[in-house]
Amino acid sequence: MEKFEKLSGVAAPMPLVNIDTDMIIPKQFLKTIKRSGLGVNLFQEMRYDQDGNEIPDFVLNKPAYRNAEILVAGENFGCGSSREHAPWAIQDFGIRCVIAPSFADIFFNNCFKNGILPIALPQEQVDILMKEAEKGENARIEVDLENQKITIPDGTAFSFDVDPFRKHCLLNGLDDIGLTMEKSNAIDAYESKLGAQMPWM
Amino acid sequence: MTAPKTLYDKIWDAHVVEESDDGTCLLYIDRHLVHEVTSPQAFEGLRMADRKVRAPEKTIAVPDHNVPTDPTRLSGIKDEQSRIQVEALRQNAKDFGIEIYDVDDIRQGIVHIIGPEQGWTQPGMTIVCGDSHTATHGAFGALAHGIGTSEVEHVLATQTLIQKKSKNMLVKVEGELAPGVTAKDITLSVIGKTGTAGGTGYVIEYAGSAIRSLSMEGRMTVCNMAIEGGARAGLIAPDEKTFDYVKGRPHAPKGAQWEAAMAYWQTLKTDEGAHFDKVVELDASEIAPVVTWGTSPEDVLPITATVPNPEDFSGGKVEAARRSLDYMGLTPGQKLSDVEIDTVFIGSCTNGRIEDLREVARVMEGRKVKDGVRAMIVPGSGLVRLQAEEEGIAQKLIDAGFDWRLAGCSMCLGMNPDQLAPGERCASTSNRNFEGRQGYKGRTHLVSPAMAAAAAVTGRLTDVRELL
Ligand code: SF4
């Protein structure tokens, strides 16, 4: 997994609540058996018309946001399905950080497994960042994971929460399967107890 | 004496392999269900790291999302990408020693229907699947939730998940449902009340007399949509109905093990005085048959209502509602029961079980699908289909004008040939009305099977109570 330490980039504003996984990556792109290459289809149905032409009004099609690395969105971002294709598409597009007042649970988990940092902030702070993001290219937002701090060009800074274990994995780009496999003794012990007490399980 | 525990606490505690200081736990997983869409990258990951599946005997695989629901699928899936995905699942199951219910197997069906049907789903278990509607299995008093593909890989490799415990939420539905009101109306009404984010961070336990009186099928419908309310999982304490349902299924415990399992299962209930972080109460007698009007499952209203005005909402919802109405082609103030539909879809892991089909047959008794309405029934599994045929329901529904199809996810999500065309409007028993969910620019109204049948009869969203 790619490390996440510090990021300073353009933030794209998407002031919509309940942005769901079908919007992020519609089901026709779930047929791939690979993880990569989904970025071009991120937000497909908002981003392109039926003939595949870009819809100029859509934020990521505007010149200022084509290389956005941060997304600022409304509450309950990523609701819907468990498809990890959603974070894969976001990551493949080049976005490494999503900021919203709240996230759907599975999506939130999936982000961390893919080197994306989802940050939940109070609505008022998101509103400020949204305004900032609307300024386009010149408004770079800085996200510092080590110090858990977001800074905007005028110097205003917000701190954010992140689970310590996830932070550790993200900062170091750690694969948690490898970490868990080191605990195989504990898993063995659990399984033998289970086998003895509840063999039907 | 130990502090009183909720059902969730009990199942959680029984599965902790290891807990670290910050509360992160390694949780043991009893059953892992795998389908073709969210697993190929996970198996690929195992191969690349030269890892095995730790417990293949606790893992099952089934293709469901991509499979066409007409008989041509038996001679090969035409869509190239779908075919590759299904073949990849077959190959992965073979390479890693996992039981698969393949396309031509009578037991094939939607993963969340066949888990319970085959007895893989049992009380007290932890069950995961790379699919958010894994919550369905919570109807058995199992802690069941959806995971992403990286976690699928993690479970395949280690039979565990790294998790933090959620909070406890109680949804209590007391009283009796009025005629024509079903489990689907309960679960949609709960989401209408709490919103799609209302359950975020929680595991919900559904309780109360209205929940107790539901059949297992109805309970599965309720838990299925816990995720639409944002919850990680939904749970219902197991009781005699649960045990009767599980008993005798191919993978249910037998003989002395059954007795031992029963003794354990009977302890799986929330203790008197256990703490819930949030409690939501509904009066079952006040629940009406509902429909959704927008593109979020929280956009729920009784069928007797009118399309809302976006201005009446607050915050970001104003813009979202405006966008929804535009997408749905509806005008504020329009009566929901005047909304005409082109398509009726009965099926999915929410409502593709035998009881759902019986309910449809009951409403259709002596009636026909309106001319010009495309009405399809897609049983949730081959065995549900067979049972409906044996009960004579299938023939009745075919005679009434329904298209009777093979099992799969079908039009619940347009990954297979069953899709809405742009602008088409569907009364659907599935669980998501997101933009494009059932096909590009397709319009979805979520309803119960009885309400879907009523819409099939009249060609518009209809209060099923008028047909009772
Ligand atoms: S029926 Fe629909 S919700 Fe259920 S597993 Fe299939 S696609 Fe998902």
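The values are calculated or read from the model by the stated rules, or taken from the named source; none is laboratory data. Only a predicted model underlies this, so the values are computations on that prediction, with no experimental measurement involved. Counting neighbours? That spans all protein chains shown, and the Cβs are built from the backbone with ideal geometry, glycine included.
Here A:F58 meets the list (1) surrounded by 14 or more Cβ atoms within 10 Å (Cβ to Cβ); (2) touching a Pro at 6+ places or on another chain (Cβ under 9 Å) almost entirely, failing just condition (2). Residues in the range A:24-40 that are assigned to a helix (DSSP H, G or I) and either within 11 Å of chain B (Cβ to nearest Cβ) or touching a residue at least 60 places away in the same chain (Cβ under 8 Å) (or both): 4 in all. Scanning the range A:61-76 for residues that are of a type in the set (G, A, S), within 12 Å of another protein chain (Cβ to nearest Cβ) and in a loop (DSSP other than H, G, I, E, B) yields a single hit, A:G74. Among the residues of this structure, B:R358 counts as one that is away from the ligand (no atom under 16 Å from the Cβ) and either modelled with pLDDT under 95 or outside any loop (DSSP other than H, G, I, E, B) (or both).
Scanning the range B:108-122 for residues that are in a helix (DSSP H, G or I), touching a Gly at 6+ places or on another chain (Cβ under 9 Å) and within 13 Å of the ligand (Cβ to nearest atom) returns B:H112, B:I113, B:I114.
Would a scan of the range B:203-221 turn up a residue that is under 30 Å from B:Y327 (Cβ atoms), within 13 Å of chain A (Cβ to nearest Cβ) and not in a loop (DSSP other than H, G, I, E, B)? Scanning the range B:203-221 turns up at least one residue that is under 30 Å from B:Y327 (Cβ atoms), within 13 Å of chain A (Cβ to nearest Cβ) and not in a loop (DSSP other than H, G, I, E, B). Looking across the range B:369-423, the residues that are more than 14 Å from chain A (Cβ to nearest Cβ), within 16 Å of the ligand (Cβ to nearest atom) and either over 21 Å from the mean Cα position of the chain (by Cα) or part of a loop (DSSP other than H, G, I, E, B) (or both) come down to B:V378, B:P379, B:G380, B:R405, B:L406, B:A407. Scanning the range B:54-78 for residues that are aliphatic (A, V, I, L, M) and in contact with a strand residue (DSSP E or B) (Cβ under 6 Å, 6 or more places away or on another chain) yields B:I60, B:A61.
Search the range B:424-443 for residues being among the charged types (D, E, K, R) and within 17 Å of the chain's Cα centre (by Cα), and hand back the single one that is nearest to the ligand (Cβ to nearest atom). Taking the candidates together, the pick is B:R432. Taken over the range B:197-224, the criterion of being surrounded by 24 or more Cβ atoms within 10 Å (Cβ to Cβ) and modelled with pLDDT under 95 is satisfied by B:G199 alone. Has the range A:159-174 got at least one residue that is away from chain B (no Cβ under 14 Å), outside any helix (DSSP H, G or I) and touching a strand residue (DSSP E or B) at 6+ places or on another chain (Cβ under 6 Å)? Yes; the residues of the range A:159-174 include at least one that is away from chain B (no Cβ under 14 Å), outside any helix (DSSP H, G or I) and touching a strand residue (DSSP E or B) at 6+ places or on another chain (Cβ under 6 Å). Taking the range A:1-23, which residues are within 7 Å of chain B (Cβ to nearest Cβ) and either closer than 15 Å to A:I119 by Cα or part of a loop (DSSP other than H, G, I, E, B) (or both)? Once the filter is applied, which keeps residues that are within 7 Å of chain B (Cβ to nearest Cβ) and either closer than 15 Å to A:I119 by Cα or part of a loop (DSSP other than H, G, I, E, B) (or both), the range A:1-23 yields A:P15, A:L16, A:V17, A:N18. Criterion first (within 16 Å of the ligand (Cβ to nearest atom), surrounded by fewer than 23 Cβ atoms within 10 Å (Cβ to Cβ), modelled with pLDDT of 95 or more and part of a loop (DSSP other than H, G, I, E, B)) does B:P68 satisfy it? Considered against the rule, which asks whether it is within 16 Å of the ligand (Cβ to nearest atom), surrounded by fewer than 23 Cβ atoms within 10 Å (Cβ to Cβ), modelled with pLDDT of 95 or more and part of a loop (DSSP other than H, G, I, E, B), B:P68 comes out as yes.
Apart from one condition, A:I24 fits all of (1) at pLDDT 95 or above; (2) hydrophobic (A, V, I, L, M, F, W, C); (3) surrounded by fewer than 18 Cβ atoms within 10 Å (Cβ to Cβ); the exception is (3). The set of residues in the range B:146-165 that are within 16 Å of the ligand (Cβ to nearest atom) and more than 8 Å from chain A (Cβ to nearest Cβ) contains only B:V152. For residues in the range B:331-353 being in a helix (DSSP H, G or I) and within 16 Å of the ligand (Cβ to nearest atom), which is farthest from the other protein chains (Cβ to nearest Cβ)? Across the range B:331-353, the extreme among qualifying residues is B:N351. All of B:A42, B:A88, B:A49 fail the test of being surrounded by fewer than 20 Cβ atoms within 10 Å (Cβ to Cβ), more than 16 Å from the ligand (Cβ to nearest atom), within 19 Å of A:E84 (Cα to Cα) and over 19 Å from the mean Cα position of the chain (by Cα), apart from B:A88. Scanning the range A:175-192 for residues that are outside any helix (DSSP H, G or I) and either exposed (fewer than 12 other Cβ atoms within 10 Å of the Cβ) or of a type in the set (D, E) (or both) returns A:D175, A:E182. When only residues in the range B:249-266 that are part of a helix (DSSP H, G or I) and more than 9 Å from every other protein chain (Cβ to nearest Cβ) count, which is surrounded by the most Cβ atoms within 10 Å (Cβ to Cβ)? Within the range B:249-266, the match that is surrounded by the most Cβ atoms within 10 Å (Cβ to Cβ) is B:W265.
Before we move on, is A:N110 touching a residue at least 24 places away in the same chain (Cβ under 8 Å), under 15 Å from the mean Cα position of the chain (by Cα), within 9 Å of another protein chain (Cβ to nearest Cβ) and assigned to a loop (DSSP other than H, G, I, E, B)? In short, no. Taking each residue of the range A:176-201 that is at the interface with another protein chain (Cβ under 7 Å from one of its Cβ atoms) and looking for partners that are among the hydroxyl-bearing types (S, T, Y) and in a helix (DSSP H, G or I) with beta-carbon atoms closer than 7 Å, six or more apart or interchain, yields A:I177/B:T158; A:T180/B:T158; A:M181/B:T158; A:I187/B:T158; A:M198/B:Y264. Filtering B:K241, B:K269, B:K317, B:K278 for residues that are surrounded by 15 or more Cβ atoms within 10 Å (Cβ to Cβ) and modelled with pLDDT under 95 leaves a single hit, B:K317. In the set B:R31, B:R107, only one residue is buried (at least 20 other Cβ atoms within 10 Å of the Cβ) and either in contact (Cβ under 8 Å) with a residue 60 or more places away in the chain or within 14 Å of another protein chain (Cβ to nearest Cβ) (or both); that residue is B:R31.
Of all the listed residues (B:L170, B:L177, B:L188, B:L161), the sole one being in a loop (DSSP other than H, G, I, E, B) and of a type in the set (A, V, I, L, M, F, W, C) is B:L177. Given the criteria modelled with pLDDT under 95 and among the hydroxyl-bearing types (S, T, Y), does A:S102 qualify? For A:S102, the condition - modelled with pLDDT under 95 and among the hydroxyl-bearing types (S, T, Y) - is not met.
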